[in-house]
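Colleague: Just passing along the structure, written as C-alpha cells.
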Amino acid sequence: MKLLIADDDFVSRKMLLAVSEKWGYEPVEAVDGEDAWAILQQSNAPSLLLIDWMMPGLDGLNLCLRIREKMSFNPPYIILLTAKNDSENVVNGLAAGANDYICKPFDSAELKARLNVGSRMLILQNELIASKKKLEEERRVIENIILKMRSTNSFNPQNIRFIQSPVEQTAGDMLLCAYRPDGTQHIMLGDFTGHGITAAIGGPVISDTFYAMTQKGIVLKDIVNEVNGHVFDKLPADLFLAAIFLEVCPTRKKLRLWSCGMPDLLIFRHYELVQRVPSSYFALGIVNKDLLPPIELPLEEGDRVYCFSDGVTEAMNCNQEEFGQHRLERNIASILAQEGEIDMVYQAMQQFFGEVVPLDDITLMELSC
C-alpha cells in the first residue's frame with residue numbers, strides 16, 4: 001500500500017521512509033504541506049497519509065482541513081505526527097480531520113501498529129465502496145425492470161389531466177385509467193408506503209390486475225377487492241397501498257368511489273369547491289376482507305373531480321410549513337377560473353418549495369365530467 005510521508009525535516013523524513021519501506025509500504029515523500037497536496041492531486045495518489053503537524057507554509061493541521069473539504073469521496077486515512085501532546089492540541093488535530101495521531105518522539109512498534117490500523121480501515125473502506133457500486137448497478141437494473149413491467153399501452157388518459165413528480169425513478173405513486181367495454185371509466189390513484197424500489201415493486205401486480213379485469217368488463221368493486229387481496233397476500237407485511245378508486249358511468253352523471261387511506265377527494269362546480277369526500281376505508285393490505293359498498297355521488301356536466309397523493313399536501317418549504325389542502329384548493333380554483341392547465345398547480349408548488357426538494361412522490365389528477 002502506498003504511504004505518503006510529509007515532513008519538512010530531512011532526517012525525520014528519511015527515517016520514516018526507511019522504516020515504512022521495511023514494513024512493506026510503498027512510501028512517497030513530500031517536503032512540506034503544499035508538496036503533499038500536489039501529490040494528492042495525482043492519479044493513484046496514496047490513501048494512507050503520515051503528516052507532520054509543524055511544517056512551513058501549509059502545516060499539517062490546515063492540510064487536514066483542505067483534504068477533508070476537497071476529498072470527501074473515498075477519503076484518505078490521516079495520521080498526524082505532532083510534538084503537541086496536550087489534550088487540547090490532540091482534540092484540534094482530530095477535529096481538523098486527522099483519523100489518528102502519534103506524538104514525537106514515537107515508538108517504532110506503535111507507529112507500525114497505527115499504520116496497520118489505517119491500512120485495514122482503507123481496505124474495508126474500499127470494499128464498502130465496491131459493494132455500494134455493485135448495489136447501485138443492481139438497483140439500476142431492477143429499476144429498469146420495474147419500469148418496463150409498469151409501462152403499459154392500456155392507460156387511457158381520456159377525460160383526465162394529471163401531474164406526477166416522483167422522488168426517485170421508480171415512484172411509489174401510481175395512476176391507472178381504463179374503460180370497460182360498456183364505456184364505464186375506471187381510475188385508480190395509489191400511493192404505496194414509502195417510495196423507490198420497495199414502494200414500486202408492487203406496482204406491476206396491481207397494474208396487471210386492474211387493466212386485465214377492466215378489459216374483461218368486471219365491475220370496479222370486484223377489482224378493488226382483488227387488489228386488496230393481492231397487497232395482503234403477495235407484498236411484505238409492512239407495505240400498504242393507500243388508494244382511491246373511481247368508477248364513472250358512461251353518461252358521466254354518476255360517480256362511485258372507494259377511498260382507502262387517501263386525502264379528501266375534491267369536487268369543483270363552476271370554479272367553486274362544492275364537496276370534500278374523506279377516506280372511508282383503511283389502506284389496502286391491512287385487512288384481508290371485502291370492502292364496504294362504495295360512496296355514490298351525482299355529477300353535473302362540467303364538474304371537475306380532483307384526487308391526489310399526500311405528497312402534494314404534506315410537501316414542506318424551508319420554514320417547515322406544509323403546502324396543505326387549503327392552499328391546494330385555492331390554486332385549483334384559480335386555474336379553473338383562468339381556464340389554465342393543471343401544470344399551473346405544480347408551478348405554484350415549486351414556488352412554495354423554493355430550494356427544498358420534496359421528500360415524497362407527488363401526484364395530482366383532474367377528472368372532467
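The values are calculated or read from the model by the stated rules, or taken from the named source; none is laboratory data. Keep in mind that this is a model prediction, so the values were computed, not measured. Here the Cβ positions follow ideal geometry from the backbone for every residue, glycine too, while neighbour counts run over all protein chains shown.
Colleague: Given the conditions (1) within 26 Å of the chain's Cα centre (by Cα); (2) surrounded by 17 or more Cβ atoms within 10 Å (Cβ to Cβ); (3) of a type in the set (A, V, I, L, M, F, W, C), report the number of the one that L266 does not fulfil.
Modeller: For L266, the exception is condition (1).
Colleague: I need the full set of residues from region 163-182 which are at pLDDT below 95 and surrounded by fewer than 19 Cβ atoms within 10 Å (Cβ to Cβ), in order please.
Modeller: Scanning region 163-182 gives Q164, S165, E168, Q169.
Colleague: Residue check, V305 against (1) assigned to a strand (DSSP E or B); (2) over 30 Å from Y179 (Cα atoms); (3) of a type outside the set (D, E), all met but one. Which one?
Modeller: (2) is the only condition that V305 fails.
Colleague: Oh, and also: I want to confirm something. Restricting to region 226-254 and keeping residues that are free of Cβ contacts under 8 Å to residues at least 24 places away in the same chain and more than 29 Å from the chain's Cα centre (by Cα), which single residue is farthest from M174 (Cα to Cα)?
Modeller: If we take residues in region 226-254 being free of Cβ contacts under 8 Å to residues at least 24 places away in the same chain and more than 29 Å from the chain's Cα centre (by Cα), then T251 is farthest from M174 (Cα to Cα).
Colleague: Assess whether I335 counts as being assigned to a loop (DSSP other than H, G, I, E, B), assigned by TED's automatic domain parsing to the domain that holds F162, surrounded by 12 or more Cβ atoms within 10 Å (Cβ to Cβ) and out of contact with any strand residue (DSSP E or B) (no Cβ under 6 Å at 6 or more places or on another chain). Give the derivation first.
Modeller: Values: assigned to a loop (DSSP other than H, G, I, E, B): no; assigned by TED's automatic domain parsing to the domain that holds F162: yes; surrounded by 12 or more Cβ atoms within 10 Å (Cβ to Cβ): yes; out of contact with any strand residue (DSSP E or B) (no Cβ under 6 Å at 6 or more places or on another chain): yes.
Judged against the criteria, I335 is not a match.
Colleague: State which residue is surrounded by the most Cβ atoms within 10 Å (Cβ to Cβ) when the search covers only region 1-34 and only residues that are in a strand (DSSP E or B) and among the charged types (D, E, K, R). Quick ask: steps written out before the conclusion?
Modeller: Let us first name the residues in region 1-34 that are in a strand (DSSP E or B), namely 2-6, 26-30.
Those left that are additionally among the charged types (D, E, K, R): 2, 26, 29.
Working: K2: 14, E26: 12, E29: 17.
So, considering only residues that are in a strand (DSSP E or B) and among the charged types (D, E, K, R), the one surrounded by the most Cβ atoms within 10 Å (Cβ to Cβ) is E29.
Colleague: Which residue is farthest from R68 (Cα to Cα), if the candidates are limited to region 105-140 and must be in contact (Cβ under 8 Å) with a residue 40 or more places away in the chain and among the basic types (K, R)?
Modeller: R139
Colleague: Could you check region 65-117 and list, in sequence order, the residues that are of a type in the set (A, V, I, L, M) and within 14 Å of L16 (Cβ to Cβ)?
Modeller: I79, L80, L81, I102, L111, L115
Colleague: Looking only at region 309-351, count how many residues are on the phi < 0 side of the Ramachandran plot and under 20 Å from the mean Cα position of the chain (by Cα). First the steps, then the outcome.
Modeller: Kept after step one, since they are on the phi < 0 side of the Ramachandran plot, are these residues of region 309-351: 309-319, 321-323, 325-338, 340-351.
So of that shortlist, the ones also under 20 Å from the mean Cα position of the chain (by Cα) come out as 309-318, 322-323, 346, 349-350.
Looking only at that region, the number is 15.
Colleague: A further question follows. In region 65-84, which residues are more than 29 Å from the chain's Cα centre (by Cα) and either part of a loop (DSSP other than H, G, I, E, B) or closer than 17 Å to L115 by Cα (or both)?
Modeller: Of everything in region 65-84, those that are more than 29 Å from the chain's Cα centre (by Cα) and either part of a loop (DSSP other than H, G, I, E, B) or closer than 17 Å to L115 by Cα (or both) turn out to be Y77, I78, I79, L80, L81, T82, A83, K84.
Colleague: All but one of (1) closer than 29 Å to L235 by Cβ; (2) touching a helix residue (DSSP H, G or I) at 6+ places or on another chain (Cβ under 8 Å); (3) surrounded by fewer than 19 Cβ atoms within 10 Å (Cβ to Cβ); (4) among the small types (G, A, S) hold for S280; which doesn't?
Modeller: Among (1) closer than 29 Å to L235 by Cβ; (2) touching a helix residue (DSSP H, G or I) at 6+ places or on another chain (Cβ under 8 Å); (3) surrounded by fewer than 19 Cβ atoms within 10 Å (Cβ to Cβ); (4) among the small types (G, A, S), the lone unmet condition for S280 is (2).
Yes or no, residue by residue, for (1) of a type in the set (A, V, I, L, M, F, W, C); (2) surrounded by fewer than 18 Cβ atoms within 10 Å (Cβ to Cβ); (3) out of contact with any Gly (no Cβ under 7 Å at 6 or more places or on another chain):
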{"site": "A38", "(1), (2), (3)": "yes, yes, yes"}
{"site": "N44", "(1), (2), (3)": "no, yes, yes"}
{"site": "L49", "(1), (2), (3)": "yes, no, yes"}
{"site": "L65", "(1), (2), (3)": "yes, yes, no"}
{"site": "M71", "(1), (2), (3)": "yes, yes, yes"}
{"site": "I79", "(1), (2), (3)": "yes, no, no"}
{"site": "T82", "(1), (2), (3)": "no, no, no"}
{"site": "N85", "(1), (2), (3)": "no, yes, yes"}
{"site": "N89", "(1), (2), (3)": "no, yes, yes"}
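Colleague: Another question, then. With (1) more than 28 Å from M1 (Cα to Cα); (2) modelled with pLDDT of 85 or more as the list, and I142 as the residue in question, which single condition is left unmet?
Modeller: Status for I142: all satisfied but (2).
Colleague: Take E329 and tell me if it is of a type outside the set (S, T, Y) and either assigned to a loop (DSSP other than H, G, I, E, B) or outside the structural domain of V167 (by TED's automatic domain parsing) (or both).
Modeller: No; evaluated as a whole, the condition is false for this residue.
Colleague: Give me the residue from region 51-63 that is among the aliphatic types (A, V, I, L, M) and either outside the structural domain of K14 (by TED's automatic domain parsing) or in a helix (DSSP H, G or I) (or both) and, out of that set, surrounded by the most Cβ atoms within 10 Å (Cβ to Cβ).
Modeller: Across region 51-63, the extreme among qualifying residues is L63.
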